[in-house]
Amino acid sequence: MKGQIAIIEAILASVALFIAFNMMISVGEYQTKWKESLSSFQGRDILITVDRLGRIHDYSFSPIFNSEFLNRIDAIKDSIIKVETQGALKNTVYIACDCTAEQVTYLSNILDDVKFNTRGITTAVCPTSLPTINNCGASTKYPNALVIWRYDALEEPARSALIDFVKDGNGLIEITDVLNSRVDGLGSDDEGQKIIFGIKSINEGNFPANPDEFLKPRNSSLLPYQSYKWFYHAPYLLQGTMSEAISVEGGIAPCVTSGMRGEFKFQDANHRFWICGTTSVYWDTNGNNVADKVVTSKNKFSMGISNFFLNYIDSSTKIRVSFKPDYLFNDFVGSNNANNKLAPIDNDKNKVLLSMGFWDTQREKPIAAIIFNGTETTKTAWVADFARGPNGLTDSGDDHKQLLASLVLSMSNKKTKETFQQVGQITSYINVNNTDILEIYKVDLSIGKPF
Amino acid sequence: MVYKKGQLSADFYVALVAFIGLLAYITFQLFQTVPANSANTREETIRIEAYQISELLVNDGGHPLNWETIPLAEIRRIGMSDSMQNITNYLSRVKVDRLNTICTSSTGYQDVKNILDIQNEFSITFIEHTLPVDTTWICKSPVPTNKKITFNVSRTVSIDGSTFGEIIVEVWRV
């Protein structure tokens, strides 16, 4: 028995020593990850080089990044390359509209030729009928934004469809006059309006005869900020349609050629303008159909109490202007006291973008014309129906169109929905462009090997 | 226990076998691990040197900063970064052209090797992506050598902020 125990001891000791030596002698393989590092700094080099060439903004939104640059780099010829931009308006924006054919056309015309920060945006506007939300041909389940341009009691299943749509990060805009009794909390309310658009009616007196003014957001995190920024910065397209000689007054230098005449309608009044070649624009500021002001590109000008900025003279028929603070709308909320006495459901006045003044002297209760709800990524807006007049959309002006375009574009989903499969190392680059509107976005470049 | 002359106990034999086994195992492990690690270290040195050269060429302005204008003997370090801009991946065309000029001379390869204190063999390929065809030059040894361990690093750069190109640094051990 004694001999057996000794043998067992020896075997155990051998095993222990074997394990100990194995741990001491075997050296763990040092993971240098050169392959990943090379892909990573190749991505960094490429994005920095593109920035040094002053092309990062162009390339971020265009397939020419591949054809002009990436396809020519020998080092990544056999790599899988993917470029995505996050946080900026996409090149193509899909907008569904639960509205009439006339309203769809109106919306399409407004968004037909959008240009800002030196790039053009393509929009696809299509009709839809709740609870179905047409994706307008997008590769995603939903379009980027949905406009409901009529009153619709938001019952099931439309309510759930809208909640899902908003949770997906898409923008929802409702343009309608809402009966106060629908959201007054006194029974038979339209709960969908309260839940989705966060509105309630308030018991106040008659509407005053005030113009509608913007409530300037105090900081950029407030819900109306992006739309406010877009309204005052996005260049609005105006077109000259008729060639004629330009009559001038007030001692301004005449245009040596005839100009293309167009009309700019705001605050319910038409103002003629003439595009003189591609260098200047003549404006009739006093409504007598004679030009009394000449403006060249990148200059401010005023008409009455309103201020503008001439962003671009695209051609002899197209110019782009932006509205400048403090712009006032006429009759946005309406005067029917049975409608639109609305407030944010949580009484947060920071959710109001446009108001016809205040109900109280402390300026805590705005007479709201546009109310936002949700969060930065799940945003909805109720807008009073500015086209309620007897002539409908014909009465609306370029100011209304600019506001509607600002709401749609600022609220549309800016997140890339395409599956970003991680095929390699992703390099991110933050870029800022402030040519017309401040845009801060992230460019992701992924470089990977096929195997 | 009864011992016979010339015979050892079973315990001793077991212990001896265990000891020899362990000794053999340790020896085997050492012979296997040490050369592998040495090879890895050599390979790593090659990679590090390739990256260092590429970083010097791309993001360093050289010493003195105006090295492209002075005689070769006075150049302390070569770097093609534009000193006026002082930003990464932005090369000076004058410095690029000067390096090309140095490389094309008969002793150019050895001069670059000495100035940059490169321990191994190397080549620097410069490709400028111009239209309609790329412009390319190579700085390499005039004498062909065998490549045992080789590694190359490719860097993308802008030249004077107007065109873009690639610098491919290859380093190898003979």
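Regarding A:Val333, is this residue in contact with a strand residue (DSSP E or B) (Cβ under 7 Å, 6 or more places away or on another chain) and modelled with pLDDT of 95 or more? Criteria not met by A:Val333.
Among the candidates A:Phe358, A:Phe329, the residue that is more than 24 Å from the chain's Cα centre (by Cα) and of a type in the set (Phe, Trp, Tyr) is uniquely A:Phe358. Of everything in the range A:46-64 that is surrounded by fewer than 20 Cβ atoms within 10 Å (Cβ to Cβ) and among the small types (Gly, Ala, Ser), the residue that is nearest to A:Gln425 (Cα to Cα) is A:Ser62. Among the residues of the range A:48-72, those that are aliphatic (A, V, I, L, M) and more than 9 Å from chain B (Cβ to nearest Cβ) comprise A:Ile56, A:Ile64, A:Leu70.
Tell me, please, whether a residue that is assigned to a strand (DSSP E or B), of a type in the set (S, T, N, Q) and in contact (Cβ under 8 Å) with a residue 24 or more places away in the chain can be found in the range B:118-125. Yes: one or more hits. For the range A:111-165, filtered to residues that are of a type in the set (S, T, N, Q) and part of a strand (DSSP E or B), the residue that is surrounded by the fewest Cβ atoms within 10 Å (Cβ to Cβ) is A:Thr122. Evaluated against (1) in contact with a strand residue (DSSP E or B) (Cβ under 7 Å, 6 or more places away or on another chain); (2) away from chain B (no Cβ under 14 Å); (3) hydroxyl-bearing (Ser, Thr, Tyr), A:Ser79 falls short on exactly one condition, (2). Within the range A:201-216, the set of residues being touching a helix residue (DSSP H, G or I) at 6+ places or on another chain (Cβ under 9 Å), crowded, with 20+ Cβ neighbours inside 10 Å and of a type outside the set (A, V, I, L, M) comprises A:Ser201, A:Phe214. A:Lys298 satisfies every condition listed in (1) within 25 Å of the chain's Cα centre (by Cα); (2) more than 19 Å from A:Asn210 (Cβ to Cβ); (3) buried (at least 16 other Cβ atoms within 10 Å of the Cβ) except (3).
Among the conditions (1) among the hydrophobic types (A, V, I, L, M, F, W, C); (2) facing another protein chain (nearest Cβ under 10 Å); (3) touching a Ser or Thr at 6+ places or on another chain (Cβ under 7 Å); (4) in a loop (DSSP other than H, G, I, E, B), B:Ile87 misses just one, which is (3).
Enumerate the strands (runs of 3 or more DSSP E) found wholly within the range A:309-410, keeping only those where 2 or more residues are in contact with a His (Cβ under 8 Å, 6 or more places away or on another chain) and acidic (Asp, Glu). Don't jump to the end; show me each part of the working.
On the way: elements: A:318-324, A:342-344, A:352-358, A:366-374, A:379-383.
Qualifying strands (runs of 3 or more DSSP E): none found.
When we screen A:Lys82, A:Lys33 for residues that are surrounded by fewer than 20 Cβ atoms within 10 Å (Cβ to Cβ), of a type outside the set (Ser, Thr, Tyr), out of contact with any Cys (no Cβ under 6 Å at 6 or more places or on another chain) and free of Cβ contacts under 8 Å to residues at least 40 places away in the same chain, the only hit is A:Lys33. When the residues of the range A:225-282 are filtered to those that are of a type in the set (Asp, Glu) and at negative phi, the one that is surrounded by the most Cβ atoms within 10 Å (Cβ to Cβ) is A:Glu263.
Looking only at the range B:75-84, residues that are touching a residue at least 24 places away in the same chain (Cβ under 8 Å), away from chain A (no Cβ under 14 Å) and either over 18 Å from B:Val169 (Cβ atoms) or not in a loop (DSSP other than H, G, I, E, B) (or both) come to 3 in all. Candidates in the range B:133-174 are the residues that are within 12 Å of chain A (Cβ to nearest Cβ) and assigned to a loop (DSSP other than H, G, I, E, B); of these, the one that is surrounded by the fewest Cβ atoms within 10 Å (Cβ to Cβ) is B:Val133.
The values are calculated or read from the model by the stated rules, or taken from the named source; none is laboratory data. Fair warning: this is a prediction, and the values are worked out from it, not measured in the lab. Reconstructed Cβ throughout: ideal geometry from the backbone, glycine too, with neighbour counts over all protein chains shown.
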